[in-house]
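Let me begin by presenting the structure, written as structure tokens, before commenting on it.
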Amino acid sequence: MKRLLGICIFLQIAFILLYLTGILPTLNAYAGAILCLTIGCASFLISLYLAGKKYSLGISFGAFIFSLFIICLTIFIYFLPEAGIPPEIPLFD
């Protein structure tokens, strides 16, 4: 259980570093979206499993909320239009 929590937190820290260091804009839009969604979904599933097993509930729920934030931010950045600018990855043409 402790190892899963460490993996979950590592994934979330990796997302923060990708976002803050400016590596994401240099990636292809599809590669960046897939990478961020993979990180978000993996940490979401791990934190949901840990919360279900009632392992460190405070940290598990915090990781759960942050992984939801990662998924929502990825959807906002890559898939939604903003102020008349088309999205990076158009879902419907």
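Shown here: semi-axes √(5λ) of the Cα gyration tensor in Å, derived from the displayed model; of the candidates (1) 43, 11, 9; (2) 20, 17, 11; (3) 28, 14, 10, it corresponds to (3). Applying the Karplus relation 6.51 cos²θ - 1.76 cosθ + 1.60 with θ = phi - 60° to the stretch 85-91 yields 3J(HN,Hα) values of 8, x, x, 4, 10, x, 7 Hz, where x marks Gly and Pro. Surface composition of the chain: carbon and sulfur atoms hold 75% of the protein heavy-atom accessible area at a 1.4 Å probe. In the context of the full set of protein chains, residues of the stretch 1-71 present 60 Å² of accessible surface per residue (probe radius 1.4 Å, heavy atoms only).
Once the chain from TYR30 to LYS2 is taken as fully extended at 0.36 nm per residue, the excess over their C-alpha distance is 6.8 nm.
The values are calculated or read from the model by the stated rules, or taken from the named source; none is laboratory data. Quick caveat: nothing in here was measured; it's all calculated off a predicted structure. Remember, those area values only see protein heavy atoms, side chains included, never the ligands or the DNA or RNA. Shrake-Rupley method; radii C 1.70, N 1.55, O 1.52, S 1.80 Å.
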